[in-house]
Amino acid sequence: MNNSEIINQTIQFVKITLQGAEGGHDWFHIERVWKNAKLIAKEENVDLFIVELGALLHDIADAKFYDGDESIGPKKAKKFLTSIGINETIIQHIVNIIDNISYKNSLESSSKKFTSKELNVIQDADRLDAIGAIGIARAFNYGGFKNREIYNPKISTDLNLSKEAYKKSNAPTINHFYEKLLLLKDKMNTNSGKQLAEKRHAFMEQYLNQFYKEWEGKK
């Protein structure tokens, strides 16, 4: 198979695997991240094939839907890529990307983290989908999925969450803006990612201003 055929086969695998997934982590999320990744990659010196495969497989089994088990996603991706005859070096790169892409892993202080330009591109693409208009929609969709409060003024935000505390948090969705979403703009890896994040970040700030006015019954 050529690279185009491999990408198409991967798309079909992801679509089937994620049938019935929660709305913020379904095929359409993957598709948006894939498109964002290709857009950012145009400005970066990266292996586009690895970027595309990594973007398509980055959330094949998000740990939050598997009782926090972070090993399932990499295993599923490796099994699939091995089954279609992908080079072992490429497979390991994809596995490393999946292992290191999530925001919660950035809360660890480990000095042994994997890095690559391809990971940087995909991570930026994934973070772009967590902010802006779509990021807001995804946050509240997941909050509803977990039956969380929209907002509770009595529950303060925690800006110093550890990885484990972040994973276990049941705080209202509005808190999530301060504990993650509003922090992403300054955590982008690439110049393109940073530029794209600016507008989406500003939109979230505008949204929150309007939210609090409506909450308080103000004009």
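One table, with the values for the structure above:
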read-out: Order by protection proxy (mean Cβ within 10 Å, highest first), peptides 126-135, 188-197; value: 126-135, 188-197
read-out: Percentage relative contact order, the stretch 1-70, counting C-alpha pairs under 8 Å, at least six apart; value: 35
read-out: Residue-span extension gain [residue 92 to residue 5] - 0.36 nm each, minus C-alpha spacing; value: 29.3 nm
read-out: Set of aspartates and glutamates near residue 75 by C-alpha distance (under 16 Å), chain-local residues within fewer than 8 positions excluded; value: 59, 62, 67, 88, 99
read-out: Spread of Cα-to-Cα distances over 5 Å intervals beginning at zero, given as percent, for the chain; value: 1, 7, 14, 19, 20, 16, 11, 6, 3, 2, 1, 0, 0
read-out: Within-11-Å neighbourhood charge of residue 196 [Cβ basis; K, R +1; D, E -1]; value: +1
read-out: Long pairs among 15/187; 180/213; 15/79; 194/218, criterion Cα-Cα beyond 24 Å; value: 15/187; 194/218
read-out: Sequence-separation-based contact order of the chain, relative, with Cα cut under 8 Å and 6+ spacing, percent; value: 21
read-out: Lys, Arg +1 and Asp, Glu -1 on Cβ, resulting dipole of the stretch 3-215 about Cα centre, debye, nearest 20; value: 280
read-out: Amide hydrogen neighbours beyond the local backbone of residue 149, cut-off 5 Å, H modeled; value: 173
read-out: Using alpha-carbon coordinates, inclination of helix 88-100 to the longest axis of the chain, degrees; value: 10
read-out: Local electrostatic count at residue 76 - Lys and Arg +1, Asp and Glu -1, tallied over other residues with Cβ under 13 Å; value: -2
read-out: Degrees, to the nearest 10: 27-41 long Cα axis against longest axis of the chain; value: 80
read-out: Listed peptides 169-181, 49-61, 79-91 by packing density, highest first (mean Cβ within 10 Å); value: 49-61, 169-181, 79-91
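Where a number appears in this text, it was derived from the coordinates with a stated rule and is not lab data. Predicted model only: the values in this text are computed from it and were never measured. Quick reminder, even Gly has a Cβ in these numbers, built from the backbone with ideal geometry, and neighbours come from all protein chains shown.
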